[in-house]
Amino acid sequence: MVNYRRGRVAGGSYFFIVTLQDRQSTALVDHIADLRKAFRWVHKRRPFRIRAIVVLPDHLHTIWTLPGEDADYPGRWRAIKSRFTRSLVESGTPLRRNARGECLLWQRRYWEHTLRDLIDMQRHIDYIHYNPVKHGHVRVVGDWPYSSFHRFVEAGVYPRDWAGGETDFEDIGRE
């Protein structure tokens with residue numbers, strides 16, 4: 001088995017891609033309220049700042065900044081995945097299980113990238129917000145409801161019609 005090492009920087013900012021095992025699933029958007037509750041529950045106990053986020057049917061992208069003395073994003077992800085899975089089980093949502101009885105909802109691993117600077121962060125924020133268009137869920141970024149894009153528009157960071165044409169975001173996140 002590969003011994004994968006993740007970069008950890010206390011107080012760092014990280015870009016994540018977290019994916020369901022079944023890439024045809026729509027569980028994340030079908031149960032968005034449960035996902036939000038899981039994030040809030042973990043955030044209350046282990047604070048972090050969500051800089052940007054988009055939730056798609058089968059995966060999500062987000063940027064977090066951790067508190068200055070803390071680098072434990074893996075613990076936060078374990079807790080979020082566990083809380084969300086538990087809420088689906090408790091609601092009676094059928095989930096596949098392995099031979100040991102573990103739910104097979106999430107991919108075990110996730111993509112993480114430590115952001116190097118503000119330019120790197122901005123490129124990844126743009127990538128996050130453009131992702132629903134990239135995957136064909138909407139034609140216009142602002143039409144996807146499960147995105148921090150709307151918060152950025154309200155703050156005056158993006159115009160409402162941002163990224164209405166061709167873009168070159170496909171290479172971001174593949175480093």
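The values are calculated or read from the model by the stated rules, or taken from the named source; none is laboratory data. Fair warning: this is a prediction, and the values are worked out from it, not measured in the lab. When we count neighbours, we look across all protein chains shown, and the Cβ atoms used for this are built from the backbone with ideal geometry, even at glycine. Ligands, DNA and RNA are stripped out before the accessible areas are found, and what is left, the full protein with its side chains, is counted by its heavy atoms. Shrake-Rupley method; radii C 1.70, N 1.55, O 1.52, S 1.80 Å.
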Taking the residues in the stretch 100-113 that are in contact with a Phe, Trp or Tyr (Cβ under 8 Å, 6 or more places away or on another chain) and open to solvent by 40 Å² or more (accessible area, probe 1.4 Å) as candidates, determine which candidate is nearest to Ser13 (Cα to Cα).
-> Trp111
Inter-residue pairs, beta-carbon under 9 Å, first without any contact (Cβ under 8 Å) to a residue 24 or more places away in the chain and in the stretch 14-37, second of a type outside the set (Asp, Glu) and surrounded by fewer than 16 Cβ atoms within 10 Å (Cβ to Cβ), 6+ apart | none
Quick one: Gly68 ticks every box in (1) surrounded by 13 or more Cβ atoms within 10 Å (Cβ to Cβ); (2) touching a residue at least 12 places away in the same chain (Cβ under 8 Å) except a single one, so which number is it?
-> (1)
So is Arg139 more than 18 Å from His31 (Cβ to Cβ) and surrounded by 13 or more Cβ atoms within 10 Å (Cβ to Cβ) or not?
-> no
Quick check, is Pro47 over 11 Å from the mean Cα position of the chain (by Cα), open to solvent by less than 50 Å² (accessible area, probe 1.4 Å) and at pLDDT 95 or above?
-> no
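Out of the residues in the stretch 84-95 meeting the condition of being touching a residue at least 40 places away in the same chain (Cβ under 8 Å) and over 15 Å from the mean Cα position of the chain (by Cα), tell me which one is surrounded by the fewest Cβ atoms within 10 Å (Cβ to Cβ). Give the steps one after another, and end with the answer.
Quick first cut of the stretch 84-95, residues touching a residue at least 40 places away in the same chain (Cβ under 8 Å) only: 84, 87-88, 91, 93.
Next, only the ones that are over 15 Å from the mean Cα position of the chain (by Cα) stay: 87-88, 91, 93.
Working: Ser87: 17, Leu88: 18, Ser91: 9, Thr93: 15.
Filtering first and then ranking leaves Ser91.
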